[in-house]
Amino acid sequence: MTRSVHLFFLLSVLCCSLADNVMLCVDSETSAVHGYGDTWLRWKGQRVEYCHCALRGQERCHSVPVINCYASQCYNGGTCKESVYTSDYICQCPQGFKGAQCEINSNEKCIVGKGEGYRGTLSVTHSGEECINWNSTSLRGKKFTARKTDASGLGLGNHNFCRNPDQDSAPWCYIYKGTQVIWELCSLPKCSGDRNRECVQGLGKSYRGTAAVTKSGSACLPWDAPAVRRKRNNAWKSNALDLGLSNHNFCRNPDGDSGPWCHTYKKMQLTWELCDIPKCSRAPSTITTLGPRAPTTNNNQATCGQRLDNTLSRPAFRIFGGRGSDITEQPWQAAINFYVPRHKRHFHLCGGVLIDSCWVLSAAHCFQEKDKPEILQVILGRTFRTQNSNSEQIFKVEKLWIHEKFDSETYDNDIAILKLKTDIGLCAVNSEEVLPACLPDRGLELPDWTECEISGYGKSSEFSPEFSERVKRGHVRLWPKERCTPDVLSERTVTSNMLCAGDTRGKDDACKGDSGGPLVCRNQNRMTLMGLVSWGDGCGEKDKPGVYTRVSNYIDWINRKIRVNPV
């Protein structure tokens, strides 16, 4: 009887094992384990393939087109690509990194502390046993697997590398021991060098230890937590690797503060706090400060007009009609909103242009003399007008100046300047998504038919009921003065403070809601603000240009406002 029961048990285990194998796919390129019905993207040379796990463990794959992700899902500076036809994404990892989200560091050969932050590729225990994939069905019922809700932050994923998700004495993994699944420690040396010590040198910008508790004892939030995604410093930044930010919750100092810090919750409010890490030398301890994080440096003159892609060779995306763009292509673009108490929310008003950390230009006709700055809001760094983004920077307005000689009938002197509100002497911080446009020299005039760019969140056509949900970009050319006349603009007055620009095909033009936005042109290899969207005769009509405020006529006026009203 005992022998029969034992035989039945062995047959059951064999059947279950065969059933699991029939339902599992092992990716031929990455060795990742996938269940029946799972879909995923993978690299095949320079192409991307869409795969799904079919019956009998067969993977079915075919090539698919991909585009840049709206919001990155890749760690360590990886480039995120998204399938055009599905919501799947794939990461193009920098050298030395791999994994679905570039979370695995192939160059990491040692551990700091107990190895809680180890993200290397050792997959053998100290006894020489091969580790089990954290995503394997063999680990059903185990506490730590790739299916755990916080698996990413613990370093667990579709791989079999040693990890320390429970603060054990060292990284470990599950292994097979006969018919049993047990765990065993891995053998990894301790890292040497000051940057890997559990103490802080100087301000701690190079600290790469594993402290994850603030001075008041609060637990740190992971740098990839959903609540942190909208913050300036998070695991999704393009330079996250250099800053030490990734899928962990260890204290770091990415912005040159007085010491390593982290995001945390205080009385159900998201805030930040310095961490309690000893100094490597006898330097005096720092004082904890709470509140919103503030920028520390900016240099608009050195970086104005220098966007991530500083070319004019990319396809044009129309403001009037056409497809959407990305805010990195016009990082100086601002959205100006106004608050309506009855609706208890902000509405889109006009576009604007960032020209310095705390200064934005727009069109005078967007505002009224009675408008109070308190009702205005300026949003920078947002691709989608109504959707929050981790790259956005939002400001209240401290003061608004409409040009003293603005003519509401002819739109002469159609320019206004807004001073953003700050308590620290600095407002917008330069990034890929937020960057000022360069101001032209006084009286600068570029050659006729120079190709320039316009952008904004305005309507796609003259009679569209809604503003564009996504920022758009278009290409136009500067018209000669002799063609910028009333007879092509329904006999409306054209003054010396205006310039004309348009697409002779009638395809690219500014429209309602774009007012105050930028007309930027290349000058000395920088994108220079030559005009502000002012007015026009319809939207995108053939042989009818748009009319823009000639910014080079107002350099003294702008500089005077900034000089007399220091931040």
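The values are calculated or read from the model by the stated rules, or taken from the named source; none is laboratory data. The shown structure was predicted, so the numbers you read here are calculated from the model rather than taken from an experiment. Here the Cβ is made from the backbone with ideal geometry for all residues, glycine too, and neighbour counts use every protein chain on show. These area figures cover heavy atoms from the full protein model, side chains too; ligands, DNA and RNA do not enter into them. Shrake-Rupley method; radii C 1.70, N 1.55, O 1.52, S 1.80 Å.
Considering the conditions (1) outside the structural domain of Pro222 (by the TED database); (2) touching a strand residue (DSSP E or B) at 6+ places or on another chain (Cβ under 7 Å); (3) under 20 Å from Leu245 (Cα atoms), Val200 is excluded by exactly one of them, (1). Return yes when Asp242 is of a type in the set (Asp, Glu) and either farther than 22 Å from Gly381 by Cβ or open to solvent by less than 30 Å² (accessible area, probe 1.4 Å) (or both) and no when it is not. The answer is no for Asp242. Here Cys220 does not qualify as modelled with pLDDT of 90 or more, open to solvent by less than 20 Å² (accessible area, probe 1.4 Å), out of contact with any strand residue (DSSP E or B) (no Cβ under 6 Å at 6 or more places or on another chain) and hydrophobic (A, V, I, L, M, F, W, C). For the stretch 398-431, residues that are within 25 Å of Gly536 (Cα to Cα) and of a type in the set (Gly, Ala, Ser) total 2.
Restricting attention to the stretch 125-170, which residues are within 16 Å of Ser31 (Cβ to Cβ) and open to solvent by 50 Å² or more (accessible area, probe 1.4 Å)? Correct list: Glu130, Asn158.
Restricting to the stretch 402-439, count the residues that are under 22 Å from Gly546 (Cα atoms) and among the β-branched types (Val, Ile, Thr). Residues flagged as under 22 Å from Gly546 (Cα atoms) and among the β-branched types (Val, Ile, Thr) within the stretch 402-439 amount to 4.
Test Asp356 against the criterion of being over 30 Å from Arg232 (Cα atoms) and open to solvent by 30 Å² or more (accessible area, probe 1.4 Å), and give yes or no. Judged against the criteria, Asp356 is not a match. Of the residues making up the stretch 400-407, not a single one is of a type in the set (Phe, Trp, Tyr), in contact with a Ser or Thr (Cβ under 6 Å, 6 or more places away or on another chain) and assigned to a loop (DSSP other than H, G, I, E, B).
Scanning the stretch 523-543 for residues that are of a type in the set (Lys, Arg) and either open to solvent by less than 60 Å² (accessible area, probe 1.4 Å) or outside the structural domain of Ala364 (by the TED database) (or both) gives no hits. Can you find a residue that is open to solvent by 30 Å² or more (accessible area, probe 1.4 Å), part of a loop (DSSP other than H, G, I, E, B), within 16 Å of Ser496 (Cα to Cα) and in the same structural domain as Arg526 (by the TED database) anywhere in the stretch 417-437? The answer is no, given that none of the residues of the stretch 417-437 is open to solvent by 30 Å² or more (accessible area, probe 1.4 Å), part of a loop (DSSP other than H, G, I, E, B), within 16 Å of Ser496 (Cα to Cα) and in the same structural domain as Arg526 (by the TED database). Candidates Glu398, Glu404, Glu374, Glu369: the one that is over 21 Å from the mean Cα position of the chain (by Cα), under 22 Å from Cys427 (Cβ atoms) and exposed (fewer than 15 other Cβ atoms within 10 Å of the Cβ) is Glu374.
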